[in-house]
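**Q** Quick one: structure below, then a few questions.
The values are calculated or read from the model by the stated rules, or taken from the named source; none is laboratory data. Just so we're clear, the structure is a prediction, and the values are computed from it rather than from any experiment. Quick reminder, even Gly has a Cβ in these numbers, built from the backbone with ideal geometry, and neighbours come from all protein chains shown.
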Amino acid sequence: MRVQGPDRFALARRDFLICSAVLGAVVAWPLRSATAADFHRFTHGAFDITVLSDGYLTLPAEILLPDAMPPEQEQILRRLRGDRTGAPVAANIPLIRHGSDLILIDNGAGINFQASAGRLAANLRTLGISPEAITKVVFTHLHPDHSGATTTPEGKALYPNAEYFVGDREFTFWTDKDYEAHMPPALHDFARGAQRDLASVGTRLTIVKPGDEIVPGMHVVSTPGHTPGHISIELAGDGNLLVTGDACTSDVIFFEHPAWHFGFDTDQDLALRNRQALLDRAATERFKMLGYHWAYPGIGYAERKGTSYRFVKGS
Ligand SMILES: [Zn+2]
């Protein structure tokens, strides 16, 4: 079902799907969003981490598991609490306290994606944390479900005292002035949104490269494919913790079927190779991961199971 061909974006088939998936969820699954009692908190090395929910997104079957055949496709979607048309996925955002820093890895959708997302600000309020208290926001990538909350309706940065971090290749990709000529139409709204958000951040933006250290023990790791400059964030501790963003978008589908593609990956084959490498390395080194769209709180390990993997919940 996936479009094959030389177009590295492989998006022709997805223009319609992205419109229907992004501009409004067709079905609202009755998922409970996080309440104060749900906040998952743990420590990792020098980091005190609370996983907040930005709500959830609904993704169509053709995006979530385009390589699955119909009977298995529906079985998996139902395990994910969806139906044969699609399924909900979580949106997990770690709030990380380190010394005097209060750091968000991604900041959620705001009002710029599906209405079932954009809950981060309310969840921060529930914890008694004001927007002014956030000192750093690190973007894994600039898709609207991860960075869409950056700009207020007044055009200002939502977290007025924060320093913002974005990968160098991600910055270059989305700030292309000729994006309408260089990107397929399905990405034009994403590019406009990314440029709006980077403009609202202004001079408080720091462009990082793989290997850079954001605070002591927090490093940038290159995991491109989902977007050209997608990064993950590694936190040193007792064994590393890797915040994987969208390098692996499902703790069920891609652990159990690591040869399957994901419809929203910009460079499908590069994303696939890097996802396989990530899972292989995670299983071998047994480091902990935190996945943005994995079932809340999205923390766990990859355990080998034949030629695939099993997601093992961690804490
Ligand atoms: Zn995402």
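**Q** With respect to SER308, is the statement that it is surrounded by fewer than 18 Cβ atoms within 10 Å (Cβ to Cβ) and not aromatic (Phe, Trp, Tyr) true?
**A** yes
**Q** I want to confirm something. Restricting to the stretch 112-152 and keeping residues that are farther than 29 Å from ASP267 by Cβ and basic (Lys, Arg), which single residue is surrounded by the fewest Cβ atoms within 10 Å (Cβ to Cβ)?
**A** For the stretch 112-152, the residue satisfying everything is ARG125.
The rows are residues; the columns are (1) within 16 Å of the ligand (Cβ to nearest atom); (2) among the aliphatic types (A, V, I, L, M); (3) surrounded by fewer than 18 Cβ atoms within 10 Å (Cβ to Cβ).
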| residue | (1), (2), (3) |
| --- | --- |
| GLY245 | yes, no, no |
| CYS248 | yes, no, no |
| ILE253 | yes, yes, no |
| PHE262 | yes, no, no |
| GLN268 | yes, no, no |
| LEU272 | no, yes, no |
| LEU279 | no, yes, no |
| THR284 | no, no, yes |
| MET289 | yes, yes, no |
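**Q** Which members of the stretch 127-158 meet the condition of being within 16 Å of the ligand (Cβ to nearest atom) and either modelled with pLDDT under 95 or among the acidic types (Asp, Glu) (or both)?
**A** ASP145
**Q** Right, another one. Is at least one residue of the stretch 32-44 at pLDDT 95 or above and not in a strand (DSSP E or B)?
**A** No - not one qualifying residue is present in the stretch 32-44.
**Q** Of all residues in the stretch 82-129 being among the polar types (S, T, N, Q) and part of a loop (DSSP other than H, G, I, E, B), which is nearest to ILE231 (Cα to Cα)?
**A** For the stretch 82-129, the residue satisfying everything is ASN107.
**Q** Kindly list the number of the only condition in (1) modelled with pLDDT of 95 or more; (2) of a type outside the set (Asp, Glu); (3) over 20 Å from LYS313 (Cα atoms) that fails for ILE111.
**A** (1)
**Q** Could you figure out which of (1) touching a residue at least 40 places away in the same chain (Cβ under 8 Å); (2) surrounded by 19 or more Cβ atoms within 10 Å (Cβ to Cβ); (3) closer than 18 Å to HIS257 by Cα isn't true of ASP67?
**A** Every listed condition holds for ASP67 apart from (2).
**Q** Considering only residues that are over 21 Å from VAL166 (Cα atoms), buried (at least 20 other Cβ atoms within 10 Å of the Cβ) and more than 16 Å from the ligand (Cβ to nearest atom), which ones fall in the stretch 77-111?
**A** LEU77, GLY82 - these are the residues of the stretch 77-111 that are over 21 Å from VAL166 (Cα atoms), buried (at least 20 other Cβ atoms within 10 Å of the Cβ) and more than 16 Å from the ligand (Cβ to nearest atom).
**Q** Between SER315, SER232, which is at pLDDT below 95 and either surrounded by fewer than 23 Cβ atoms within 10 Å (Cβ to Cβ) or touching a Leu at 6+ places or on another chain (Cβ under 7 Å) (or both)?
**A** Matching residue, one of SER315, SER232: SER315.
Residue-by-condition table, conditions (1) under 19 Å from GLY245 (Cβ atoms); (2) modelled with pLDDT of 95 or more; (3) surrounded by fewer than 17 Cβ atoms within 10 Å (Cβ to Cβ); (4) over 19 Å from the mean Cα position of the chain (by Cα):
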| site | (1), (2), (3), (4) |
| --- | --- |
| ASN161 | no, yes, yes, yes |
| TRP174 | yes, yes, no, no |
| ALA181 | no, yes, yes, yes |
| ALA186 | no, no, no, no |
| ALA191 | yes, yes, no, no |
| ALA199 | no, yes, yes, yes |
| THR206 | yes, yes, yes, yes |
| LYS209 | yes, yes, yes, no |
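**Q** Scan the stretch 112-125 residue by residue and report those that are within 13 Å of the ligand (Cβ to nearest atom) and aliphatic (A, V, I, L, M).
**A** ALA117, the sole residue that qualifies.
**Q** Does GLY239 satisfy being touching a Lys or Arg at 6+ places or on another chain (Cβ under 8 Å), at positive phi and more than 16 Å from the ligand (Cβ to nearest atom)?
**A** So GLY239 fits the description; yes.
**Q** While we're here: Please count how many residues of the stretch 222-236 are of a type in the set (A, V, I, L, M) and either within 15 Å of the ligand (Cβ to nearest atom) or within 13 Å of the chain's Cα centre (by Cα) (or both).
**A** Looking only at that region, the number is 2.
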